[in-house]
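Everything below concerns the one structure shown next.
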Amino acid sequence: MMRNHTMMQFFEWNVAADGKHWDRLKETAPALKAVGIDSVWVPPVTKAVSADDTGYGVYDLYDLGEYDQKGTVRTKYGTKQALIDAISECQKNGIAVYVDLVMNHKAGADEKEV
């Protein structure tokens, strides 16, 4: 018998801007699988206009939390390495990860183009 799969939205608008969200996902992955979660939907992973932006004010599509831009290396949710570690732990536990990619939002330009 085929079973339904369960996806969890692993973020909400007011997630703490402490840079530890990816760490929380990594730590929680085994427990999520134990209660039947098969996949997680995570927030935008790219650098936003500030460290407390939810990720929809995209500044740099290629900075996942590894470059010192906009006053921080990490994103609101953590560093690139913490993201990689969280995804690896999810995969190890049989949890697929879906990223909320925001390709058409651009904000926080450093200068005006002429």
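None of the figures in this text is laboratory data; all of them are computed from the coordinates on show. Note that the coordinates shown come from a computational prediction; the quantities given were computed from them, not determined experimentally. Please note: Cβ atoms are built from the backbone with ideal geometry, for glycine as well, and neighbour counts cover all protein chains shown.
Quick notes on this structure:
- In this structure the amide hydrogen of V40, modeled in the peptide plane, comes within under 5 Å of the amide hydrogens of M8, A96, V97, Y98, none closer than 5 places in sequence on its chain.
- Average silhouette area of the chain, convex hull of alpha-carbon atoms, in square nanometres: 8.0 nm²
- Stretch gain in nm, segment K112-V73, where the contour uses 0.36 nm per residue and the Cα spacing is subtracted: 11.7 nm
- Cα-Cα over 22 Å, subset of K26/K47; K26/K92; K33/K76; K80/K112: K33/K76; K80/K112
- Each residue of segment 90-107 is assigned a 3J(HN,Hα), and the resulting list reads 4, 4, 4, 9, x, 10, 7, 10, 10, 9, 7, 7, 10, 7, 9, 9, 9, 8 Hz, derived from the Karplus form 6.51 cos²θ - 1.76 cosθ + 1.60 (θ = phi - 60°), x at Gly and Pro.
- Counting only DSSP H runs of at least 4 residues, each contributing -39500 (n - 2.57), and dividing by the residue count of the chain, the helix-based mean residue ellipticity at 222 nm comes to -7500 deg cm²/dmol.
- Relative to the longest principal axis of the Cα atoms of the chain, the long axis of helix 21-34 makes an angle of roughly 10 degrees.
- Which of S39, S88 has the fewest Cβ neighbours within 10 Å, and the rest in rising order: S88, S39
- Net length gained if the chain between V99 and E27 were fully extended (0.36 nm per residue, minus Cα distance): 24.1 nm
- This ranking places M2, M7 by how few other beta-carbon atoms lie within 10 Å of each, fewest first, which gives M2, M7.
- Sequence of L101, L83, L61 once ranked by neighbouring C-beta atoms within 10 Å, starting from the fewest: L101, L61, L83
- Estimated from the Cβ-Cβ distance and a Förster radius of 30 angstrom, the FRET efficiency linking S88 and A16 is about 0.85.
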